[in-house]
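The values are calculated or read from the model by the stated rules, or taken from the named source; none is laboratory data. Source: prediction; values computed, not measured. Please note: Cβ atoms are built from the backbone with ideal geometry, for glycine as well, and neighbour counts cover all protein chains shown. Keep in mind that these areas ignore ligands, DNA and RNA; they rest on the heavy atoms of the full protein, side chains included. Shrake-Rupley method; radii C 1.70, N 1.55, O 1.52, S 1.80 Å.
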Amino acid sequence: MKCVDRVWIVLGFLFCSLGSAGGSLRLAEDNIDEIVKQMSPREKAMLLVGCESLVSKDSLTVYVPGAAGYTKAFPQYGIPSTVMADGPVGVRIFPIKVDGKRHYCTCFPSSTLLASTWDTQLVETQAGAMGEEAAVYDVDVILTPGINIMRNPLCGRNFEYFSEDPVLSGLMGAAMVNGVQSRGIGTSLKHFVANNQQVNKLNNDSRIPVKALREIYLKGFEICLQHSNPWTVMSSYNKIGGILTQSNAELLRTVLREEWGYDGLVVSDWYGKRNSPEQLEGGTNLLMPGEKAQLEEIEAGIESGALSMEVIDDAVKHILDYVVKTKAFRKDIHAALPDLEQHAALSRSVAGQGMVLLKNDSCVLPLKGIKNISLFGATAYHSIAGGGGSSNVNKSHIVDISTGLEQVGFVLDRSLKDLYTKYNAYQEALLVDPKATDWERLSYRRYVYPEMDLMPNKTLVGEQAKSNDMAVVVIGRGSTEESDRKVHDDFNLSDSEIYMIDKVCEEFHARNKKVVVLLNIGGVVETASWKNKPDAILSVWFPGQECGDAIADAISGKANPSGKLPMTFPIDYFDIPSSRNFPMVGETKSGKNFDYTNYEEDIWVGYRYFNTANKAIVYPFGYGLSYTNFSFGKPKLERKNEKWVATIQITNTGNVSGKETVQLYISAPQTSIQKPSAELKAFGKTRELKPEESETVKLEFTDYDLASFDEANSQWLTSKGEYTLSFGASSKDFRATLPLNISKSRTWKVNNVLRPVEKINIMKFPLK
Ligand code: BGC
């Protein structure tokens, strides 16, 4: 695309000084071995280290401002540089100027919302649009998907991840990979593995019992790789078994390559200050974003013989295998600009399908006969499209919730709107650098403002209740890479937020007027103490740039929210088993939960714990209401070759169109290996069903999918015996069951690797 005002760099002659062997051989898919033979050790070393801060920025074939990193070009071999850009739900680059006008990428709904759709087809569609944007803007790899497990709701990056469950995480991740790659653009499956906290994230040793590591933390990656083939896998920052994952041969060579057969490129997460030879020996192929010191270390390693040429050549081959797949190598020609309008419409529609209706007393939603709304909450007028850090897409606009509601004809109380507008302007003046441009204010300089305290204004809420038809209250909660969340004023609502909900409910209910709460959040917040007060609660998550419009669609009934929770909403933070071994922000500076974190809760993450222990929760995993109802028919099960295929008919029994998710949970016979009461093994979503319409949903699984990890024998084991298949509308709402008899036990051997450095003191079950 020539009209784009970006920096195209004519390949220089710099390479002459790099000790090149030169020659006329040009990289092709079938001559990689020969190219490797021709490259000098120094050239190889340079290829293994990303370009970001090497002297050689001018050696890029194409420069995309704001991209996360590059691999190096070697024109003498026809090797172009390639471009990698974040992030999970949109291409993160600086806006591109075309004909003097800035053009942006689309900020799509966050991963948590995507997982809440339980719709792999929809995720693939969004991912395809992301791939198209990458292609047009000359990005070769989007650094997506992040599929780490939501071990604890306080992890600051949970909004970038899908779920507390590995099956949902793995299949959503695969849909993301397949969608992006269907457009000839690569992905990076990250962060491999168990980067579950931000506190000391670069060095924390995740000490995980092997069974939990296999069944929960590795499982999502394993499933994702069974269903997709990402061009790259990104190792994480943390340690496993006391060794940084980037240098961990047991993880990268034994599990990823040998056991799972992954043949793509392993890249490090973006941090240079590691021991480079150890990373390469451990199985990382490409060190990103690249530092001069790494190059020196590698060269020294080669010279001294400490680093074998076999390891170097293997890494070089993996990089070249990757390069020949890229757009940079293919030299595709694309349209000058992506279809941003169509992508905005897609973003809006996806958002509507992932919102989770948590409560809807007397069918207050969708709103009927309502015109005048009192809209409360700072976030209602300054809404949250996505989380912070590397996933923060530089976007052209965010439709605030207030704007979205007005655009569908609701009339917002003028005086209340003015009050919040002034309050937010004051917060902006306090927090935002006055020199920030408009697009910066919408992206990395956008903050979530603390809630306004309504307490001093004794009459305000009552007056609002007198003159408006109803109230909508928005609770906003930011989340970002680099810091974990806190329990107080974050997981638990702040005093101002609680007062706002209490007072609004009291005054509006006193006049027989309804109250709806919208949660514009990246992850779980406490709901038990206040959920009985409002009439309806809708979790809208981080819905992307079209935020307000998508919410207006849902609450006006234009869209029927069909989301289901991808994680559990507990009553109290301290009900969560991992709360005993998760850093309390600000209090943890060394030792436990800083230098290392003991996963003493073992496999008891999320619903696996709450359901097995029969411990009360607020909203279960897989839960979500709809504006309509569905009935589940009689399920059937068949064996087809290596697969079990279950089918069940779903019928819309209500009055409006909608989609339903069928979740297949399987209970295994109890053996000496501890097992959760039931685990998700497959799921499927219907198309939009009109009232009385039905669809048969197909759910597939294999004998291997039924296996538990038998740590004593380092094997996966599917025990013989009676299994129960439960077809659920949530993990607590099983609508139909089927027995399954496995007549013969089956095992799959794996390596005895990745043991924690110390024996973990596993919590006794039931956990007290
Ligand atoms: C993050 C990755 C991201 C990379 C590049 C790292 O800090 O952990 O998720 O892709 O930066 O920006």
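Per the Cα gyration tensor, the range 490-534 maps to an equivalent ellipsoid with semi-axes of 20, 11, 8 Å, ordered largest to smallest. Once you list every other residue whose beta carbon is under 12 Å from the beta carbon of H191, what net charge do they have if Lys and Arg are +1 and Asp and Glu are -1? Summing Lys/Arg as +1 and Asp/Glu as -1 gives 0. Using C-alpha pairs below 8 Å separated by at least 6 residues, the relative contact order for the range 627-747 is 26 percent.
What does the charge count near R253 come to, summing +1 for each Lys or Arg and -1 for each Asp or Glu among other residues with Cβ under 11 Å from its Cβ? Can you show the working numbers first?
On the way: positive: R257; negative: E250, E258, E259, E281, D314.
It works out to a net charge of -4.
Just the C-alpha atoms of the range 473-573: what Rg/Rh do they give, with Rh taken as the Kirkwood radius? Intermediate values should be presented prior to the final figure.
Numbers: Rg = 14.2 Å, Rh = 14.7 Å.
Using Cα coordinates only, the ratio equals 0.96.
Within the assembled protein chains, the solvent-accessible surface assigned to R445 is about 70 Å², based on a 1.4 Å probe. In a reduced charge model with +1 at each Lys and Arg Cβ and -1 at each Asp and Glu Cβ, the range 587-696 shows a dipole moment near 300 debye about its Cα centre. Considering only S383, S396, M455, and ranking their Cα positions along the charge dipole of the range 346-465 that arises from unit charges at the beta-carbon of Lys, Arg, Asp and Glu, the one farthest toward the positive end is S396.
Across the alpha-carbon set of the range 285-342, the Rg to Rh ratio works out to 1.22, Rh being the Kirkwood radius. Largest first, the three principal axis extents of the alpha carbons in the range 406-462 are 39, 32, 14 Å in whole numbers.
For K331, the aspartates and glutamates whose Cα comes closer than 12 Å to its Cα, not counting residues fewer than 8 places off in the same chain, are D138, D140. Calculate what fraction, in whole %, of the accessible area of the range 489-585 sits on carbon and sulfur atoms when a 1.4 Å probe is rolled over the protein chains. Roughly 44 percent, rounded to a whole number. In the chain, the DSSP beta bridges split such that about 65 percent are antiparallel, to the nearest 5.
Once the mean 1/r over all distinct Cα pairs of the range 22-105 is inverted, what Kirkwood radius in angstroms do you read off?
Details: mean 1/r = 0.0688 Å⁻¹.
So the Kirkwood estimate lands at 14.5 Å.
What does the charge dipole of the range 112-211 about its Cα centre add up to, to the nearest 20 debye, if the Cβ of each Lys and Arg holds +1 and the Cβ of each Asp and Glu holds -1? Once rounded to the nearest 20, the dipole reads 500 debye.
Exceeding 28 Å between C-alpha atoms, which entries from my cross-link table qualify? They are K636/K720; K239/K531; K190/K292; K564/K749.
Details: K636/K720 21 Å; K239/K531 39 Å; K190/K292 25 Å; K564/K749 35 Å.
Over 28 Å apart, Cα to Cα: K239/K531; K564/K749.
Look at the dipole of the range 559-610 built from charges on Cβ: of G563, W604, I576, the Cα furthest out on the positive end belongs to G563. Go through P65, N196, A28 and say which Cα lies farthest out towards the positive end of the charge dipole of the chain; charges sit on Cβ, +1 for Lys and Arg, -1 for Asp and Glu. So the residue furthest toward the plus end is N196. Against the main long axis of the alpha-carbon atoms of the chain, helix 309-323 sits at an angle near 50°.
Axis angle, to the nearest 10 degrees, between helix 292-304 and the longest C-alpha principal axis of the chain: 40 degrees. Across the range 535-690, Cα pairs under 8 Å and at least six residues apart give a relative contact order of 20 percent. Over the range 244-289, the hull volume per residue, using the convex hull of the C-alpha atoms, is 57 Å³. Size descriptor for the chain, Kirkwood hydrodynamic radius: 27.0 Å (Cα pairs only, one decimal). Size of the range 62-153: Rg and Dmax of its alpha carbons, in Å, are 15.4, 50. Calculated on the Cα set of the range 627-768, radius of gyration then Dmax: 18.3, 58 Å.
Net charge dipole, the range 207-254: roughly 140 debye, given to the nearest 20, about the Cα centre with Cβ charges of +1 for Lys and Arg and -1 for Asp and Glu.
Ligands, DNA and RNA are left out, and with a 1.4 angstrom probe the accessible area of the range 383-526 is 42 Å² per residue. Equivalent ellipsoid of the range 532-673: semi-axes from √(5λ) of the C-alpha gyration tensor, largest first, are 33, 27, 14 Å.
Computed log10 I(q)/I(0) for the range 283-434 at 0.10, 0.21 Å⁻¹: -0.70, -1.46, from the Debye equation with unit scatterers placed on every C-alpha and solvent omitted.
Relative to the longest principal axis of the Cα atoms of the chain, the long axis of helix 495-510 lies at roughly 30 degrees.
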